[in-house]
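To keep things clear, I will list the structure first and then write my remarks on it.
The values are calculated or read from the model by the stated rules, or taken from the named source; none is laboratory data. For clarity, every value in this text was computed on a predicted model and none was experimentally measured. Don't worry about glycine lacking a Cβ; one is built from the backbone with ideal geometry, like all the others, and counts go over all protein chains shown.
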Amino acid sequence: MLLVIDVGNTNTVLGLYRGRQLLHDWRLRTDEARTVDEYAILIHELFGLSQIYFPDVKNVIVSCVVPPMLKTLDGLCRHYFKRQPLIVGPGIKTGMPILYDNPREVGADRIVNAVAAYEQVKKALIVVDFGTATTFDYVSAKGEYLGGAIAPGLNVSADALFARASKLPRVEIARPPLVVAKNTVNSIQAGLFYGYAGLVDGIVNRMKSELGADPTVFATGGLAVLLSDAAETIDRIDPNLTLEGLRIIFERNCQGL
């Protein structure tokens, strides 16, 4: 089986594949302070719930945007899985030209998402990833990564509002009953929820206008399902887009393993 690991700034998502079938996926909090052994214990417990054992994992691929975590994951894979992980980064074969001023600046997760989305539609597309940051990535009809935009994530904005406005409470990220809200909690929710829906539609529409195409718009990330109802430009929701992209990239680099 293939273990795919996507390390984000807030969460780390793991997926276990047999061939092209995603058997299980799990979400952990990203914590640079955890040791190799602590991560091994957590993963061992998760595996055990599905009667999976470390020797069942034959290969590992990692996408990571938190550099200090790479050493921890390398140690985890070598010590507990007895495998050297494939790390998504410079020199790896993605099958996608990166037309960025400096390709090394592009987050690994953004490329992985783009690869997975293009494999599905084989046409121009935009991927909106609702993570710690909200990212917008454009892929041409030829399968070229053209670039994109980065905005603060919804939770980051909510935390900043709570931290900087002393009289405003911390609220759950949820769709409020009305835009013209009747209380403070709903007012904050309206601003966050509909504000981000407007941000998504605004940036996507500007990308479409700038590049003169009609791309398919994918949404992924933790808040994709919540916001997709309000953002009118989203065509597809795929919570496992990054995991699927990691599987595809592994196959392109390690065919036959």
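Candidates in region 206-257 are the residues that are among the polar types (S, T, N, Q) and more than 22 Å from Met96 (Cα to Cα); of these, the one that is farthest from the chain's Cα centre (by Cα) is Ser209.
Conditions (1) at pLDDT 95 or above; (2) over 30 Å from Glu119 (Cα atoms), marked per residue:
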site: Gly147; (1), (2): yes, no
site: Pro152; (1), (2): no, no
site: Ala160; (1), (2): no, yes
site: Ala163; (1), (2): no, yes
site: Pro169; (1), (2): no, yes
site: Glu172; (1), (2): no, yes
site: Pro177; (1), (2): no, yes
site: Leu192; (1), (2): no, yes
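Listed by position, the helices (runs of 4 or more DSSP H) inside region 28-139 whose residues that are among the acidic types (Asp, Glu), surrounded by fewer than 20 Cβ atoms within 10 Å (Cβ to Cβ) and not assigned by TED's automatic domain parsing to the domain that holds Gly221 number at least 1 are 36-49, 68-76. In a residue-by-residue description of region 132-145, the property of being farther than 20 Å from Ile234 by Cβ, among the acidic types (Asp, Glu) and under 21 Å from the mean Cα position of the chain (by Cα) applies to at least one position.
Scanning region 154-175 for residues that are touching a residue at least 40 places away in the same chain (Cβ under 8 Å) and either in contact with a strand residue (DSSP E or B) (Cβ under 8 Å, 6 or more places away or on another chain) or in a loop (DSSP other than H, G, I, E, B) (or both) yields Leu154, Ile173, Ala174, Arg175.
Ala190 meets all of the listed conditions (1) under 19 Å from Phe136 (Cα atoms); (2) crowded, with 17+ Cβ neighbours inside 10 Å; (3) hydrophobic (A, V, I, L, M, F, W, C) but one, namely (1). Sub-9 Å Cβ pairs linking a first residue in region 42-53 that is of a type in the set (A, V, I, L, M) to a second residue that is assigned to a loop (DSSP other than H, G, I, E, B), at least 6 apart or interchain, are Leu42/Arg34; Leu46/Ile52; Ile52/Met1, ordered by first then second residue.
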